[in-house]
1. Step by step: first the residues of segment 131-153, then only those that are of a type outside the set (Phe, Trp, Tyr), closer than 27 Å to residue 80 by Cβ and modelled with pLDDT of 85 or more, then the one that is surrounded by the most Cβ atoms within 10 Å (Cβ to Cβ). Which residue is that?
2. Out of all the residues in segment 35-46, which are part of a helix (DSSP H, G or I) and modelled with pLDDT under 85?
3. In this structure, does residue 128 turn out to be over 28 Å from residue 4 (Cα atoms), acidic (Asp, Glu), at pLDDT below 85 and buried (at least 16 other Cβ atoms within 10 Å of the Cβ)?
4. Looking at (1) of a type in the set (A, V, I, L, M, F, W, C); (2) surrounded by fewer than 19 Cβ atoms within 10 Å (Cβ to Cβ); (3) in contact with an Asp or Glu (Cβ under 9 Å, 6 or more places away or on another chain), which is the one condition that is false for residue 108?
5. Restricting attention to strands (runs of 3 or more DSSP E) lying wholly within segment 58-153, give those where 2 or more residues are under 30 Å from residue 12 (Cβ atoms) and under 16 Å from the mean Cα position of the chain (by Cα).
Amino acid sequence: MNTLNLFALYLLLWIILSGGKIEPFPLLFIVLISLLTPYVFQLKYHTISLKSSLKLIGYFFYYSLKGGIQVAFFALKPKLDLNPFVYEHTLKTHNELSTSMLANIYSLMPGTVSMGYHKGILTLHILDKSLFDKTLIENFEHFVLEAFAQKGS
């Protein structure tokens, strides 16, 4: 990913996080980190798709809100009747960036934590078996691969 694309990605992230405020110092900082990112991180950023990343963000926010509501209902019950569940998911990628993004996204989902990764298998702990949705996990992987996977990985 070239410096201009990094700048656009960081600027978009800043606008979302700051509520749309664009000031001189943050703008200067965004320019600086856009220039330094390729030198600090040796990952291949030229394969990140901005359009697919935006689709991933929308999908994540929707299911994060939905999962948060489900977990809130568990917490509001007088007696917690949970059935914890450990799921081993075989990843379709060996790309470090995609693997890292998936582990972090799954951990950010309410009621789910990434426990470990070994030889292409990501282990997830899920708060209750009723929260488990294999299709959701596979859809997240599809979106992450579309956004961050390198050609041939």
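1. Among those that are of a type outside the set (Phe, Trp, Tyr), closer than 27 Å to residue 80 by Cβ and modelled with pLDDT of 85 or more, it is 137.
2. 36, 37, 38, 39, 40, 45, 46
3. Considered against the rule, which asks whether it is over 28 Å from residue 4 (Cα atoms), acidic (Asp, Glu), at pLDDT below 85 and buried (at least 16 other Cβ atoms within 10 Å of the Cβ), residue 128 comes out as yes.
4. Every condition holds for residue 108 apart from (3).
5. 112-118, 121-126
The values are calculated or read from the model by the stated rules, or taken from the named source; none is laboratory data. Keep in mind that this is a model prediction, so the values were computed, not measured. Counting neighbours? That spans all protein chains shown, and the Cβs are built from the backbone with ideal geometry, glycine included.
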